[in-house]
Amino acid sequence: AVEQVKRNFEILHDDFNITYDYNPDIVLRSLILRNHLEQILIILFDNAVKYSNGLSEINITLEQIGNRAVIKVKDHGVGIDPSELDKVFNRFYRVDKARTREVGGNGLGLAIAKQLVVSYKGTISADSVVGEGTTVSVSLPIMEEEVIQTARKKPLKKNKL
Ligand code: ATP
């Protein structure tokens, strides 16, 4: 899903340089609807572009930390003041209304991303330095191999209509 969203974004924003750093030999499986993961990534990519301040470099990393898959979207844009970092996940919260009005938005993107991530028992957080850039990290539980095997063995339940 990360690959797919990245590709679509590259087509839309061909002036942006998106780098992607992960080990292709490691497959991380999280129990999350593909559409939901894509939605989360679109929100993060969208913000990285909107608040890029003309610095069109975005780095995406995917790694395993303990029993979690961690995706980080890093931009080199305007950054977020430390006092605002937690609030950006609140509904309708926008940093510096006057400045952000120019780029448009309702302050809902990150609140939606957070709600989705939390519903999958994941976490989302932001690290930022004003004037240097922002990294938003999403961490999702990895499915244990036994769970995958058991799920495969179970016959599919017929939908009751
Ligand atoms: P939308 O509802 O269209 O997503 P939005 O971008 O304002 O609008 P959020 O995605 O929730 O809403 O972001 C909230 C606020 O956090 C933004 O208004 C912006 O000030 C700040 N922000 C979010 N991502 C970044 C980023 N990558 N760099 C700098 N500021 C950011």
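To the nearest 0.05, how large is the calculated FRET efficiency for Glu63 and Asn106 if R₀ is 35 Å and r is the Cβ-Cβ distance? FRET efficiency, Glu63 to Asn106: 0.65.
With the simple spin-label model, which puts each label point 7 Å out from Cα in the Cβ direction, the Val130 to Asp46 separation comes to 2.7 nm. Each label was represented as a point 7 Å from its Cα along the Cα-to-Cβ direction; for Tyr93 and His36 these points are 2.3 nm apart. Between amide H atoms placed 1.01 Å from N, distances below 5 Å from Arg68 occur with Ile142, all of them 5 or more places distant or on a separate chain.
No value in this document is a laboratory result; all are computed from the given coordinates. On a predicted model such as this, the values are computed, not experimentally measured, just so you know. Cβ sites come from the backbone with ideal geometry, for glycine too, and all protein chains shown count toward neighbours.
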